[in-house]
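These notes concern the structure reproduced below.
Nothing in this text is a laboratory measurement; each read-out follows from the coordinates by a stated rule. None of the values given here were measured: they were computed from a predicted structure. No Cβ is skipped: glycine too gets one built from the backbone with ideal geometry, and neighbour counts run over all protein chains shown.
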C-alpha cells in the first residue's frame, strides 16, 4: 500500500482495502501456481480495488454505440500474413501509460493507434495527447472521463485539424477545460470489422484502435 501512496480516510476503510488486497493477492498466487497460461500475474496499484471498481473507470468504451457502417478498404495482401506481429519490436509503441482514475480508455486506444501509424509513416515515435481528447472532444458520445468512442475521437481530430503531442498537452487523469494546441498528426483510415483473414491482415499491417 505504501509503495503506491495509498491513503485511506479511516481505519475501517484501510482494513476493508487490505482485505480486498489479500483476496486479489490470493487470486494472483492461484493463477501463477496453475501455470496453464503463457504469462504471470502480479500485484500493482490496482490491487486494493474490487473488480467492479476497476471496471468502473477502465471499461468506459461505449462499444454499443459503434457504427456498423463499413466503408471501402483495399487490403494489399491477405496471403502473406505473419504468424505473429509485435508492434513493440517495430518501434511503433510508446512506453506504457496509465489512465488513472479516469474512464478515458477510448482516448488512449485512439491515440495509441495514431502513435503507431505515425511511427510507421515517419520513422518517429512521438507520444500524442490523450488529454486534448478528454478536454476538448465532448460534443458527442465522447465525454472525457465518463467514456467515449475511438471512432468519434478520430472524427474530432479531423475536424480539429490534428492532435498535439503529450509534451504540449500533458495528461492529468481528470476532465479539464479545453486548451487545444496546434495539431501534430492529421489522419483517419476507416476499416471494416477486424474479423477473419482480412482482419488479421489489417492487424498485421499497422497498429489499430
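Data for the structure
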item	result
Computed lengthening from residue 4 to residue 18, 0.36 nm per intervening residue step minus Cα-Cα distance	3.7 nm
Likely footprinting exposure, 17, 88, fewest C-beta neighbours within 10 Å first	88, 17
Cα-based shape type of the stretch 75-177, given that a ≥ b ≥ c are square roots of the gyration tensor eigenvalues and the cut on a/c is 1.5	prolate
Inter-centroid distance (Cα atoms) of the stretch 2-57 relative to the stretch 113-179, Å	30
Added length on full extension, which subtracts the Cα-Cα distance from 0.36 nm per residue, residue 34 to residue 53	4.2 nm
Two-site label geometry, residue 139 and residue 86: point separation in nm, points 7 Å out along Cα→Cβ	4.3
